[in-house]
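Here, each number is a calculation from the coordinates, and none is a lab measurement. The shown structure was predicted, so the numbers you read here are calculated from the model rather than taken from an experiment. Cβ atoms come from the backbone with ideal geometry, glycine included; neighbour counts cover every protein chain shown.
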Amino acid sequence: MKYINLLLFLILAGLQYRLWAGNGSVPDVRRLDRIHAAQLADNQELLERNRTLAAEVMDLKQGLSALEERARSEMGMIRTGETFFQYVGVRDPAPETATD
């Protein structure tokens, strides 16, 4: 009976060791859950970015207004017959400091 109790205790200790240390242990599973949650958040951000880019590509393929808007804003292009005016604001002169 003494040896059976010792054997059962050793089996229990071995199972507990596998539960708390090593591959597949409780801390290892928690670490993997944190990594998984972070990856899901990254994937969601990338999915939203891809949707935005796909909508922009579709808009550029179907309509010329988006293409024209992009050319005007990013490349400074103008249409034939248009005149480009650029207004530069006049800076106020620096206030003079009163000297006593």
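Observations
- The number of residues in segment 49-72 that are among the small types (G, A, S), surrounded by fewer than 11 Cβ atoms within 10 Å (Cβ to Cβ) and more than 23 Å from the chain's Cα centre (by Cα) comes to 1.
- On the stretch given as segment 5-32, residues that are at negative phi and outside any helix (DSSP H, G or I) total 3.
- Some residue of segment 42-53 being within 30 Å of L19 (Cβ to Cβ) and either in a helix (DSSP H, G or I) or without any contact (Cβ under 8 Å) to a residue 12 or more places away in the chain (or both): no
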